[in-house]
Amino acid sequence: VGLRMILVISSLAVLLPQIRLFFKLTSWPHVVILIDDSTSMSTVDNYRDPKVKEFAEKLAVEGKLTEAQRLALAQTLLTRHGTDWITELLTQRKVKVHVYHCSSRAERITSVTTQSEIPNAIKAIQDLKASPKNDISKLGTALRQVINDFEGHSLAGVIMLTDGVTTEGVTVSDVSRFARKNHIPLFFVGIGDSLERRDIELSDLKVADSVLVNDKLVFQFNVKVKGYGGDPN
């Protein structure tokens with residue numbers, strides 16, 4: 001009896017229609033490129049790391065830059081001829097690309113869903129300026145705003161190009177924890193010298209207003225040194 005039951009079950013398994021599951025992607029996921037164009041992105045760095053300096057100089061040559069400002073380097077990196085990021089994301093990664101810029105807040109400048117829209121997107125990126133009017137840098141607030149814009153949508157990631165200088169509002173680290181809880185990948189591209197800028201500050205000078213010839217003149221002041229990291233040179 002047992003053998004007969006096994007035979008019947010095996011026959012049914014072979015003869016009955018098989019159940020197959022098919023998954024169809026109805027819409028491409030979204031990826032955001034967020035570009036920091038606050039005032040600090042107009043800085044021209046004197047890179048001290050040899051490898052970073054070499055790559056920055058290479059980008060400056062490719063972009064035909066007279067001044068290698070941080071924003072200009074970011075623009076060149078994004079729009080390099082033949083290897084621009086938008087084409088790569090659209091054609092290879094199969095995602096919809098949305099480009100934002102930010103200083104005090106985030107603002108969408110273009111979206112790309114077809115290859116015909118790529119040239120206009122590249123031009124929009126190249127037209128960005130790190131204007132002095134963008135003196136407030138709320139990077140964390142802008143990042144959170146972008147994430148909120150895609151609430152309920154499939155946000156595959158946010159790529160942020162920034163020097164990391166935040167002057168007001170929540171920090172990028174605060175928003176990163178929120179993104180992690182919502183399973184939204186964040187990719188940061190640091191622009192600028194990671195080492196603190198070298199500076200020597202003299203303050204609180206105390207000296208006599210007038211002295212006679214051959215008198216000793218005593219100066220008292222405070223010296224504050226930044227960016228040397230203990231380097232005696």
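The values are calculated or read from the model by the stated rules, or taken from the named source; none is laboratory data. Computed from a predicted structure; not experimentally measured. Cβ placement follows ideal geometry from the backbone for every residue including glycine, while neighbour counts extend to all protein chains displayed. Heavy atoms of the whole protein, side chains included, go into the accessibility calculation; ligands, DNA and RNA do not. Shrake-Rupley method; radii C 1.70, N 1.55, O 1.52, S 1.80 Å.
Quick notes
- Hey, Glu54 out of contact with any Leu (no Cβ under 8 Å at 6 or more places or on another chain) and either at pLDDT 95 or above or surrounded by 13 or more Cβ atoms within 10 Å (Cβ to Cβ) (or both) or not: no
- Taking the conditions (1) among the charged types (D, E, K, R); (2) over 15 Å from Asp36 (Cβ atoms); (3) at pLDDT below 95 in turn, Asp127 satisfies each one other than (3).
- Taking the criterion of being in a loop (DSSP other than H, G, I, E, B), loosely packed, with under 12 Cβ neighbours inside 10 Å and not acidic (Asp, Glu), the residues of the stretch 112-133 that qualify are Thr114, Pro132, Lys133.
- Contact map, the stretch 144-167: first residue farther than 16 Å from Phe178 by Cα and without any contact (Cβ under 8 Å) to a residue 60 or more places away in the chain, second residue assigned to a helix (DSSP H, G or I) and open to solvent by less than 60 Å² (accessible area, probe 1.4 Å), Cβ cut-off under 6 Å, separation 6 or more or different chains; pairs are Thr166/Leu139.
- The stretch 151-191: number of residues that are in a helix (DSSP H, G or I), surrounded by 17 or more Cβ atoms within 10 Å (Cβ to Cβ) and over 13 Å from the mean Cα position of the chain (by Cα): 2
- Selection over the stretch 130-188 of residues that are at pLDDT 95 or above and on the phi > 0 side of the Ramachandran plot gives a count of 1.
Yes/no per residue for (1) within 15 Å of the chain's Cα centre (by Cα); (2) basic (Lys, Arg):
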| site | (1), (2) |
| --- | --- |
| Trp28 | no, no |
| Met41 | yes, no |
| Tyr47 | no, no |
| Phe55 | no, no |
| Lys58 | no, yes |
| Arg70 | yes, yes |
| Ala74 | yes, no |
| His81 | no, no |
| Leu89 | no, no |
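- The set of residues in the stretch 69-94 that are in a loop (DSSP other than H, G, I, E, B), open to solvent by 30 Å² or more (accessible area, probe 1.4 Å) and not polar (S, T, N, Q) comprises Arg80, His81, Gly82, Arg93, Lys94.
- Given (1) in contact with a Lys or Arg (Cβ under 9 Å, 6 or more places away or on another chain); (2) farther than 26 Å from Asp84 by Cα; (3) part of a helix (DSSP H, G or I), number of the condition Asn148 does not satisfy: (1)
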